[in-house]
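Step one of this worksheet: look at the structure below.
The values are calculated or read from the model by the stated rules, or taken from the named source; none is laboratory data. Just so you know, these numbers come straight off a predicted model, no measurement behind them. Glycine also receives a Cβ, built like all others from the backbone with ideal geometry; neighbour counts cover every protein chain displayed. Surface areas here come from the heavy atoms of the whole protein model, side chains and all, with no ligands, DNA or RNA. Shrake-Rupley method; radii C 1.70, N 1.55, O 1.52, S 1.80 Å.
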Amino acid sequence: MIALLLNSGTGSRMGDLTKTNPKCMTEIGNGETILSRQLKLLDAAGITEVVVTTGDFDEKIREACAQAGTGQHFTFVRNPIPKETNYIYSMHLCDELLRGDEVLLMHGDLVFEWRVLEEVKASSTSCMVVSSALPLPEKDFKAVVREGKIQAVGIEFFTDAMAAQPLYHLTQADMNTWLDRIATYVEGGQVRCYAENALNEVTSGMTLAPLDVGDMLCSEIDTPEDLRQVTGKLETIRSRSVYLCFSTDVLHAAHIRLLERAALLGRVTVGVLSDEAVASYKRFPLLTCEERKELFRHLSSVSCVVEQRTLSYRENLERFHPDFVVHGDNWKSDFQKPIRQEVLEILEGYGGILVEYPYARDTRFSALEGRARSELALPDSRRARLRQLIAMKGCVTAMEAHSGITGLIVENTVVHEPSGGAHQFDAMWISSLCDSTAKGKPDIELVDMSSRFRTIDDILEVTTKPIIFDGDTGGLPEHFVYTVRSLERMGVSMVIIEDKTGLKKNSLFGTEVQQTQDSIAHFQEKIRAGKRAQKTRDFMICARIESLILEAGMEDALTRAFAFVEAGADAIMIHSRKKDPTEIFTFVESFRSRDRVTPLVVVPTSFNQVTEDEWRSRGVNVVIYANQLTRAGFPAMQSAARSILTHHRAQECDASLMPIGEIIRLIPEEN
Ligand code: SPV
Ligand code: MG
């Protein structure tokens, strides 16, 4: 698309203002001239090819275009006889330059706001700006509109007319039709009339739509009074407020472009989504909210940066009442639909406007997101994240994973609330029960550490979330130190070891099987050895107390908890196999009355009625869903196996199976 700026006129009605400068160089506040503003907006609209007609001020206009700093390509066409001709002649001089593309045509004294240009540019047919909000002007252009099309443009029409402004979008065919007729006029010596006289003779062969801009600014400046009015309106426009929300930790060209466009609507406030909100729907942010705020603070297009605490915009919209909210149009259809709906409702309440731009889906930018994910998978980053998440959320969730594919399910499952919120698991639990079960072995520390590490490795390879490892009893203190070092090196965040000794059996057997609890002193020794062995501050050793499982009583459980914290345990896990959560609640309450900081971990397999919110409010910091994926998967497998054996074919069970296509989609192409 080419822009044509008509600047051959002398602007005699402006008095002294146009004595030494062309009208287009009239200042309109904020360091802008009419010309520099037109060029800036055209540049923002992606118009790089600009044809400018000039007259007596040719040199000055060339210089002003060069100084606008927009980097557009200019072609200047000088009308040597501007006093004897009207712009119909200037347009004729540009004839060849205008025939090969669509054209945005505007008079050089026209000042308009950004949204006007956007709408004119976006029109699929030829169009001219009109306004239903303005009274019909006596002397200026009016457009005769019939059946939704402009029939004629001129100052003399009053019937079926609307106030019109000389800003057009012309398709290539319509431009050529108009130029042909202009050529006939000029060749016939008609060079003092409006180019619209020629246009009016050919509108019947075009679709020239009236583009109604209502009360948006789009005005010519002919007199000092016009100038006063337009600069006043521009001041209001520049002081409008615009709000955008960002979750990104990698600023790229598309963000900058969006911000620059937004800044054309007014003063931009960027809402930076809180760490918790980002982690809830996307991934853990690479930069903290404060660091992400810093990314925006120094951009010239941004006036103010604030935090947006939730995915919902409500809090900030009610606080700032921005005139505009700007967003990519992707949220019309994705999980953000309810958030968008809420934004629309709030804006409607006070007359704000939602401006949506086509979403830039660029593979270079998705590659950046891929790189961010790889960063999160690195051992140092992953290991530290459990502590960060606990600090950030107060209470985190971990879901059992025992293989690459279950790891991927924990990594990628996100549930979106109808209200727009989102939930995903924070971490993964590598359960001894599920790891052993997957290998067809009992949960008695039979699966050796090398094999357990192999499971961890399979999961590490395809995921980014932090890992909590079920270390069983931790073995001998002399062995445990090696386990700690290996886990830490791999990027595991926490090992949980239970205070049992001898042949360990799964806790959910309780006292039905012979199990022995370790002595406090010996277990403390193991914790101390582990803490001495670890190299980073991020790694956590959690002491798991089996007193309630083995029916040794609440007092014993609490005594052990404080003794293990004293020995250096970074967290305490309290376990129970009762359906009633009362004894766990009692433990948590008693522990918290003396220790408010040490993280508490629970595994609510039996007492599964308690919600995460309740755990959080009681002071629990990690909720582990220890075996649900395993328990969901194996019955389904047994049932498929039975069905095939029963029917001697696979057809009957097929409907309950995941289609191969979906299985393939579970596995991202690159990790
Ligand atoms: C596991 O998942 O292996 C555990 C938790 O240790 S429990 O099975 O409840 O003992
Ligand atoms: Mg276990």
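Before anything else, pin down the relative contact order of the chain: Cα pairs under 8 Å, at least 6 apart, normalised by residue count, whole percent.
Numbers: 1241 pairs, mean separation 55.3, N = 671.
It rounds to 8 percent for the chain.
The value of relative contact order for segment 253-345, using C-alpha pairs under 8 Å at least six residues apart, is 29 percent. Projected label points at residue 486 and residue 514, each 7 Å from Cα along the beta carbon direction, are separated by 2.9 nanometres.
Just the accessible area per residue of the chain, please: how many Å² with a 1.4 Å probe? All intermediate terms of the calculation are to be shown ahead of the outcome.
Numbers: 30330 Å² over 671 residues.
Ligands and nucleic acids excluded, the figure is 45 Å² per residue.
Each residue of segment 488-502 is assigned a 3J(HN,Hα), and the resulting list reads 4, 4, 6, x, 5, 8, 8, 10, 10, 10, 9, 7, 10, 9, x Hz, derived from the Karplus form 6.51 cos²θ - 1.76 cosθ + 1.60 (θ = phi - 60°), x at Gly and Pro. In this structure, the amide hydrogen of residue 518, modeled 1.01 Å from its nitrogen in the peptide plane, lies closer than 5 angstrom to those of 500, 501, counting only residues at least 5 positions away or on a different chain.
Ignoring ligands, DNA and RNA, what percent of the 1.4 Å accessible area of the chain is carbon and sulfur? Intermediate results must be reported in sequence, preceding the final value.
Working: 15470 of 30330 Å².
Carbon with sulfur: 51 percent of the solvent-accessible area.
The Rg/Rh ratio of segment 551-652, with both radii computed over alpha carbons and Rh defined as the Kirkwood radius, is 1.22.
Quick check: net charge around residue 346, other residues with Cβ under 9 Å of its Cβ, Lys/Arg +1 and Asp/Glu -1? Working shown, then result.
Values: positive: 314; negative: 318, 342, 345, 348.
Here the charged neighbours net out to -3.
Please go through the residue pairs 149/332; 441/535; 505/526; 121/332; 393/441; 439/531 and name each one whose alpha carbons sit more than 25 Å apart in this structure. Could you put the intermediate results ahead of the total?
On the way: 149/332 31 Å; 441/535 33 Å; 505/526 19 Å; 121/332 22 Å; 393/441 36 Å; 439/531 31 Å.
Those over the limit are 149/332; 441/535; 393/441; 439/531.
Remark on residue 267: its backbone amide H falls under 5 Å from those of 240, 241, 242, a criterion applied only to residues 5 or more positions apart or on other chains, H modelled at 1.01 Å from N. Here each label is just a point 7 Å from Cα along the line to Cβ, and for residue 393 and residue 136 those points are 6.6 nm apart.
Taking a Cβ cut-off of under 13 Å around residue 597, the surrounding Lys, Arg, Asp and Glu residues balance to a net charge of +2, with basic ones at +1 and acidic ones at -1. Distance between the pseudo-spin-label points of residue 613 and residue 276 (7 Å out from Cα toward the beta carbon): 1.3 nm.
For segment 2-235, averaging the sequence separation of C-alpha pairs within contact (under 8 Å, six or more residues apart) and dividing by the residue count gives a relative contact order of 24 percent. Adding -39500 (n - 2.57) for every DSSP H run of four residues or longer, then dividing by how many residues the chain holds, sets the calculated 222 nm ellipticity at -12500 deg cm²/dmol.
If the segment from residue 655 to residue 215 were pulled out straight at 0.36 nm per residue, it would be longer than the present Cα-Cα gap by 152.5 nm. Here the 3J(HN,Hα) profile of segment 219-225, calculated from phi with Karplus coefficients 6.51, -1.76 and 1.60 at θ = phi - 60°, is 9, 7, 10, 9, 9, x, 5 Hz, Gly and Pro shown as x.
Sort segment 2-235 into rounded, prolate or oblate with this rule: let a ≥ b ≥ c be the square roots of the eigenvalues of the Cα gyration tensor; rounded if a/c is under 1.5, and if a/c is not under 1.5, prolate when a/b is larger than b/c, oblate otherwise. If you can, show how the numbers build up before the last one.
Values: a/c = 1.33, a/b = 1.14, b/c = 1.16.
Rounded, because the longest to shortest axis ratio a/c is under 1.5.
Taken over the chain, the percentage of Cα pairs per 20 Å bin, counting from 0 up to the bin with the maximum distance, is 15, 34, 23, 18, 9, 0.
Couplings 3J(HN,Hα) of segment 515-527, computed from phi: 9, 10, 8, 6, 6, 4, 4, 5, 5, 4, 4, 5, 4 Hz, in residue order, whole Hz [Karplus 6.51 cos²θ - 1.76 cosθ + 1.60, θ = phi - 60°; x for Gly and Pro].
One decimal place: the segment residue 368-residue 353 gains 2.3 nm when fully extended, by the rule 0.36 nm per residue minus the C-alpha distance.
Peptides 406-418, 264-276 ranked from most to least packed, by the mean per-residue count of other Cβ atoms within 10 Å: 264-276, 406-418.
Between residue 79 and 54, 55, the built amide H atoms are under 5 Å apart, and every one of these is 5 or more places off in sequence or on another chain.
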